[in-house]
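Everything on this sheet refers to the single structure shown next.
Only the coordinates and a few stated rules stand behind these numbers; no lab work does. These numbers come from a predicted model, not from an experiment. Don't worry about glycine lacking a Cβ; one is built from the backbone with ideal geometry, like all the others, and counts go over all protein chains shown.
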Amino acid sequence: MNQPESGIPQSETEIEEPKPRRRKEKVPTWTPQEIALSLGYKKMPHEKGDPVQEYCKAVENGHVYRFNIQNSKYTDERGVRISMGILGSPKNVVLCQDRRFDEDMKDLGLVTRTSAGMFWRPELQTKEVFEKLTQYIRNLEETGFFEDLVKPKQISGGASA
C-alpha cells in the first residue's frame, strides 16, 4: 500500500504558512545622550568604562561646543551630570550644580538631586522634561551664553589722570 510518510504534509491545507516576523517597536528613549544628538552634537570616542561621555559640535564662529555626560558610579543612585562649555576653555557650566540654573531646572521638572548633586535619572527620562531641557539648551546656544563664558570680563571704573 501507498502509505504517506509520517510528518510530510499531503495537501496544501496541511502546509503551515510561515508566521510573519514582528518588528520590535522602538521604544522612545529620552536620555541625555539623545538630547546631545538631537542638538547636533557628535559623540567623541572614549575609553570603555570611562564615566564621562563627551559630545562636540562646531559652530559658525569657529568655536566647538562641548556637552559632557557623567553617570553616577553607584548604580543604585541613578544619577547623571550634564556639563557644557566651549572646548579648550576651562570655564563650563554644570546644569545640576550651578546655582544660576537652579530655578530654571526646577521649572523644567528636574527637582531631585542625588547625594552627589546629580540629576536623578528617572526625572530626566520623561518626554516632557526631555523636550523642555532640549529647548532650554538650544536657547542657551542661540543667545550666546557659551560665548559669554569665554569673553574676558571688563573691569569697570576709569583711570584718573
Stretched fully, the stretch from V111 through K48 gains (0.36 nm per residue minus C-alpha distance, one decimal, in nm) 19.6 nm
Under 16 Å by backbone N from the virtual spin label 7 Å along Cα-to-Cβ at E147, the residues of segment 79-103 are 85-87
Hull volume per residue for segment 86-156, using the convex hull of the C-alpha atoms, in Å³ is 122
Computed over segment 42-146, the convex hull of the Cα set has an average projected area, in nm², of 7.1
1/(1 + (r/R0)^6) with r = Cβ-Cβ of T134 and N61, R0 = 25 Å, i.e. FRET efficiency to nearest 0.05, evaluates to 0.70
For the table K106/K127; K91/K151; K43/K151; K57/K91, the rows whose alpha-carbon distance is greater than 22 Å are K43/K151
